[in-house]
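The values are calculated or read from the model by the stated rules, or taken from the named source; none is laboratory data. For clarity, every value in this text was computed on a predicted model and none was experimentally measured. A quick note on method: Cβ atoms are made from the backbone with ideal geometry, for glycine too, and the neighbour counts reach across all protein chains shown. The accessibility values were calculated without ligands, DNA or RNA, using every heavy atom of the protein model including side chains. Shrake-Rupley method; radii C 1.70, N 1.55, O 1.52, S 1.80 Å.
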Amino acid sequence: MIQYNCTTLKKGIILKKMTENILHHFFDFNKLINATAFGNGHINDTYKIELKINNRIEIYLLQRLNHQVFSEPFLVMENIQQVADHLSKKKYQLKILSPILTLKKQLLYKDSGGNYWRVFNFIKNTIAVEKAETPEQAYEAAKAFGAFAKALDDIDISLLKTTIPGFHDGEKRMADFMLALKNAPSKKIAAAKKEIAGVLQQKAIFKHIAALKLPLRAIHHDTKINNLLFDKTTMKAAAVVDLDTVMPGIVLSDFGDMVRTFASTADEEERDFTKVEIRADIYGALTEGFLSEMGNLLTDAERRSLHEGGPWITLMQAVRFLSDYLKGDVYYKTKYPDHNLHRAGKQLALLRSMQQQTFSRR
Ligand code: GN1
Ligand code: MG
């Protein structure tokens, strides 16, 4: 009998076997050369795949779409396809992430275990970063997210389906949090006392943003800096990726998530909160980069409220991490028991730093 101890080699063999079976539903290939886990996503499982097809080596991205989070996987894929089709008809300079269909011309393959799989073109010679290193990098990435939003400005948004209802609805997130708090074990409530108080103190932000009633647009909804690929050689923006949450929303979602992830001195996983601060130079550069593309397309109300996006999204992310901690880590992948609590604490520290600064309100 074969004994499976989890050496890297054995894990690699199991991964190869598993992905090989799936890939036969997408390609007629001679050989699977390599399959490796890829990226830092909290939700889906991603693999980089090297295949030999007709004696040529081709590289793809294979993903298992988390259908607990995305309960309508085909709608997610139809949104991505709509976006790819629209971008390909525009003067859009960046590379486009496009779904590769199964041999039966489907956007997803469902395996016998009920898992949904998809394949994308692999965008070569690129890297992702976890926080902006320089204002130039922040400008470049924000300009790219701006170019993406600009190219989608004229898409008929009724073509885009709301795949996660209330995804960036702060008041709904707050109601979910109150329910999680009601049902949480007392030990967890005690451990999260400071973070719970922090969220409750700030909740008026959600009501305020909802009252602005900003117009709906095609919104990416996950403009973390690591969802922008840079060309490895030139460090110019190469592609906007992770289009799972492209759906109707408000511009503060995309601007706010850039502020949250570009302008912080520390990445999302930082545990030393004294290191967490918002950086004025990065904030300025990202605002300039985004507005260089979107400036003329925003309404007055959108422009006036733009600087409220950072605090709003950062608080929402704190609420989401903290709710997940209270519920027993059912949503985000975690690496240790208090991971979601620490993530929430980091977001609250960042929010406080945003509220202490004045540069974004000038
Ligand atoms: C999730 O899987 P990933 O890392 O792309 C989440 C985002 C959060 C983000 C926090 C569908 O994205 O909304 O902002 O984690 N995506 C979903 O890092 O919930
Ligand atoms: Mg994502």
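What the table shows:
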{"quantity": "Angle between the chain longest axis and helix 280-294 axis [Cα atoms, degrees, rounded to 10]", "calculated": "70"}
{"quantity": "On Cα atoms only, tilt of 251-262 relative to the major axis of the chain in degrees", "calculated": "80"}
{"quantity": "Per-residue HN-Hα couplings for the range 350-358 [Karplus 6.51, -1.76, 1.60; θ = phi - 60°; Hz; x = Gly/Pro]", "calculated": "5, 4, 4, 5, 4, 6, 7, 7, 10"}
{"quantity": "Inter-centroid distance (Cα atoms) of the range 128-188 relative to the range 249-264, Å", "calculated": "7"}
{"quantity": "Sulfur and carbon atoms: percent of accessible area, the chain [1.4 Å]", "calculated": "52"}
{"quantity": "Net lengthening on full extension, ALA204/LEU101 (0.36 nm per residue, minus Cα-Cα)", "calculated": "32.6 nm"}
{"quantity": "Net lengthening on full extension, THR234/TYR336 (0.36 nm per residue, minus Cα-Cα)", "calculated": "33.0 nm"}
{"quantity": "Rg/Rg_globular for the range 162-252, with Rg_globular taken as 2.2 N^0.38 Å and Rg from C-alpha atoms", "calculated": "1.44"}
{"quantity": "Taking the range 33-90 and dividing mean pair separation by its residue count, relative contact order in percent (alpha carbons under 8 Å, at least six apart)", "calculated": "23"}
{"quantity": "Cα-based equivalent ellipsoid of the range 263-362: semi-axis lengths in Å, sorted from largest, via gyration tensor", "calculated": "29, 15, 11"}
{"quantity": "Nearest-0.05 FRET efficiency for SER71 and ARG361, computed from C-beta distance (R0 45 Å)", "calculated": "0.70"}
{"quantity": "Accessible surface, per residue, of the chain when the full set of protein chains is kept, probe 1.4 Å, Å²", "calculated": "49"}
{"quantity": "For peptides 50-56, 320-326, sequence by mean Cβ density within 10 Å, most packed first", "calculated": "320-326, 50-56"}
{"quantity": "FRET efficiency estimate (nearest 0.05) - Cβ-Cβ, SER158 to ALA211, R0 30 angstrom", "calculated": "0.75"}
{"quantity": "Whole-Å distance, taken between Cα centres, linking the range 17-71 and the range 269-338", "calculated": "31"}
{"quantity": "Peptide ranges 180-186, 279-285 listed from the most packed, as the mean C-beta count within 10 angstrom indicates", "calculated": "279-285, 180-186"}
{"quantity": "Nearest-10 value in Å² for the accessible area of GLU20, using the 1.4 Å probe", "calculated": "50"}
{"quantity": "Spin-label pair ASP45/ILE59, simplified geometry with 7 Å Cα→Cβ offset, distance in nm", "calculated": "2.3"}
